[in-house]
Amino acid sequence: MRRFDRFVVLTHEDCGYWGALNNIEVIPNAALHIAEKRSDVSAQRVIAVGRLDYQKGFDRLIQAWELVRQTNKYGGWRLDIFGQGEWQDMLQRMIDRAGLQETAHINRPTTSIGDEYARSSMLVMSSHYEGFPMVMIEAMACGLPVVSFDYKCGPKDIINHGVNGLLVTDGDIEGLAAAMTRLMSDVAYRRKLSANARKVTDTYSEEAVMARWLNLFTSLTEK
């Protein structure tokens, strides 16, 4: 890698894996669909989006949702998962066995996901890993605070814990449930995190990311 003028990675976490190289540049992906609609985070609805497979870890989310429901404090809340994939039947069986049919639903993908974000109050990400979590950026641009495992890679770059979302140790199902209930129980706290979540557009809009690429190319061509 030392033979390159610059080597571009998506996150600072990625950068750390390459050691003490001095030619690494961190430039994230841009969110291509910055939301026109915004959530006021008043809806009693949790949303999750992604392919129904091992990577996205929705089995872990359903386990956490079962713990949330066992508290008997959040009867009006529901969980909506949007996606399709080879795990759909297995995830539905988990929901059925846990008796969550009234509050947890698997929905087909939609071309109007921005509308669904606007009708929700938080996004939960239970992935085992990601390259760069675009769903997280797009939901935050809609004003959704994010509850996420601190999987590799991306969440630690995007989420400032307690400021625009909540990070949970990867695999801590009880911690994921606790983070959800922390937001579910306090609309003022949701609104605070929501206002900060919308600021992701300062960093991840097409304009902001393109400016970073242009600056990089300019610095290289001026040598």
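Here T181, T169 are screened, and the one residue that is assigned by TED's automatic domain parsing to the domain that holds D53, among the β-branched types (V, I, T) and farther than 21 Å from Q55 by Cβ is T181. Only residues that are out of contact with any strand residue (DSSP E or B) (no Cβ under 8 Å at 6 or more places or on another chain) and not basic (K, R) were counted in region 2-49, giving 17. Please find, within region 30-71, the residue that is surrounded by the fewest Cβ atoms within 10 Å (Cβ to Cβ) out of those that are within 25 Å of R191 (Cβ to Cβ) and at pLDDT below 95. Ranking the qualifying residues of region 30-71, first place goes to E36. The set of residues in region 17-29 being loosely packed, with under 15 Cβ neighbours inside 10 Å and not aliphatic (A, V, I, L, M) consists of Y17, W18, G19, N22, N23.
Checked against (1) over 30 Å from A211 (Cβ atoms); (2) touching a residue at least 24 places away in the same chain (Cβ under 8 Å); (3) not aliphatic (A, V, I, L, M), N29 passes all but condition (1). Residue-level analysis places R3 among those that are surrounded by fewer than 17 Cβ atoms within 10 Å (Cβ to Cβ) and over 19 Å from the mean Cα position of the chain (by Cα). Filtering region 91-133 to residues that are part of a loop (DSSP other than H, G, I, E, B), touching a Leu at 6+ places or on another chain (Cβ under 7 Å) and without any contact (Cβ under 8 Å) to a residue 40 or more places away in the chain leaves only T103.
The values are calculated or read from the model by the stated rules, or taken from the named source; none is laboratory data. The shown structure was predicted, so the numbers you read here are calculated from the model rather than taken from an experiment. Cβ coordinates were reconstructed from backbone atoms using ideal geometry, including for glycine residues, and neighbour counts include every protein chain displayed.
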